[in-house]
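Everything below concerns the one structure shown next.
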Amino acid sequence: MSETKLPQDALAVLVNQPDGRQLLRLAEALIQAHAMDDDHKTRHEEIRQQLTLTHQRLYGREQAGLLETPLGWVGLIWTERGLRRLILPRQSQEAALAALQQEGAPATLDEPPEHLATPLRRYFAGERAHPRLPLDLAALPPFRRDVLTLVNTIPYGETRTYRWIAEKLGVRSYRAVGQAVGANPIPIVIPCHRVIASDGALRGYAGGIEMKRRLLELERARPFAGRS
């Protein structure tokens with residue numbers, strides 16, 4: 001069988017987008033769906049490997065690991081640039097691992113480095129300190145990156161509203177802001193739990209309203225006193 005190879009510029013177009021990780025999962029699905037014979041399986045495996053290598057070249061090699069905290073097991077995905085994804089606390093190690101795998105994490109787990117693990121342990125232990133960690137947001141689209149960069153400035157123990165974010169960024173669509181906040185890949189570290197509705201309602205949260213409430217209680221967060 002002749003070697004199957006995609007042009008590098010085509011690979012870059014495929015992977016250089018916010019959903020690059022989803023493309024890798026789609027490639028895995030292709031292998032499963034089309035592995036009717038060895039010819040198809042080999043071809044799709046080659047494409048998957050090329051996508052993976054291109055993703056690593058553009059965004060860095062990912063590592064993944066689990067961290068035990070007082071609220072449960074947290075999953076982390078990071079690169080040499082910084083933290084790329086955080087899985088909110090799960091009640092069991094198995095559940096956190098399954099959530100990591102759903103995010104396309106590497107199959108082999110590593111021990112989270114201390115410069116990531118220690119601040120998170122201190123935060124979950126109730127110390128009044130925001131976990132300031134190096135972040136890797138390179139794969140995010142510009143608008144989402146702008147929204148989350150602003151969210152990351154909300155002080156520990158305080159809240160802000162979706163309207164506040166929209167006005168700070170000069171945008172009219174609160175819904176677009178809400179979607180960007182809801183798609184935060186690094187919750188807690190980028191404190192989207194500190195973003196609430198103008199009427200004080202907690203509204204949605206990836207980890208559920210109860211998790212959002214627990215995090216705000218942990219921080220003894222004060223209601224936003226500024227313009228809503």
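The values are calculated or read from the model by the stated rules, or taken from the named source; none is laboratory data. Remember, predicted model here, so these are calculated numbers, not experimental data. Neighbour counts run over all protein chains shown; Cβ positions are idealised from the backbone, glycine included.
Figures for the structure shown
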{"quantity": "All positions within segment 83-96 that are within 15 Å of the chain's Cα centre (by Cα) and without any contact (Cβ under 8 Å) to a residue 40 or more places away in the chain", "calculated": "ILE87, ALA96"}
{"quantity": "Only listed residue being at positive phi, surrounded by 19 or more Cβ atoms within 10 Å (Cβ to Cβ) and not aliphatic (A, V, I, L, M), chosen from GLY104, GLY170, GLY126, GLY157", "calculated": "GLY104"}
{"quantity": "Sole exception among (1) modelled with pLDDT of 95 or more; (2) part of a loop (DSSP other than H, G, I, E, B); (3) not hydrophobic (A, V, I, L, M, F, W, C) for ASP146, by number", "calculated": "(2)"}
{"quantity": "Residue among VAL189, VAL181 that is touching a Leu at 6+ places or on another chain (Cβ under 6 Å), modelled with pLDDT of 90 or more, within 19 Å of LEU88 (Cα to Cα) and surrounded by 15 or more Cβ atoms within 10 Å (Cβ to Cβ)", "calculated": "VAL189"}
{"quantity": "Flag for ARG213 being of a type outside the set (Phe, Trp, Tyr), farther than 15 Å from LEU88 by Cβ and surrounded by fewer than 18 Cβ atoms within 10 Å (Cβ to Cβ)", "calculated": "no"}
{"quantity": "Residue match in segment 191-205 (condition: within 23 Å of GLU62 (Cα to Cα) and not assigned by TED's automatic domain parsing to the domain that holds LEU120)", "calculated": "yes"}
{"quantity": "Residue check, VAL181 within 15 Å of LEU86 (Cα to Cα), of a type in the set (Val, Ile, Thr) and either more than 20 Å from the chain's Cα centre (by Cα) or assigned to a helix (DSSP H, G or I) (or both)", "calculated": "yes"}
{"quantity": "Checklist (1) within 27 Å of THR79 (Cβ to Cβ); (2) outside any loop (DSSP other than H, G, I, E, B) applied to ALA129, failing item", "calculated": "(2)"}
{"quantity": "Some residue of segment 204-225 being among the hydroxyl-bearing types (Ser, Thr, Tyr) and either more than 25 Å from ILE87 (Cβ to Cβ) or touching a Pro at 6+ places or on another chain (Cβ under 7 Å) (or both)", "calculated": "no"}
{"quantity": "Check on TYR156, part of a helix (DSSP H, G or I) and modelled with pLDDT under 95", "calculated": "no"}
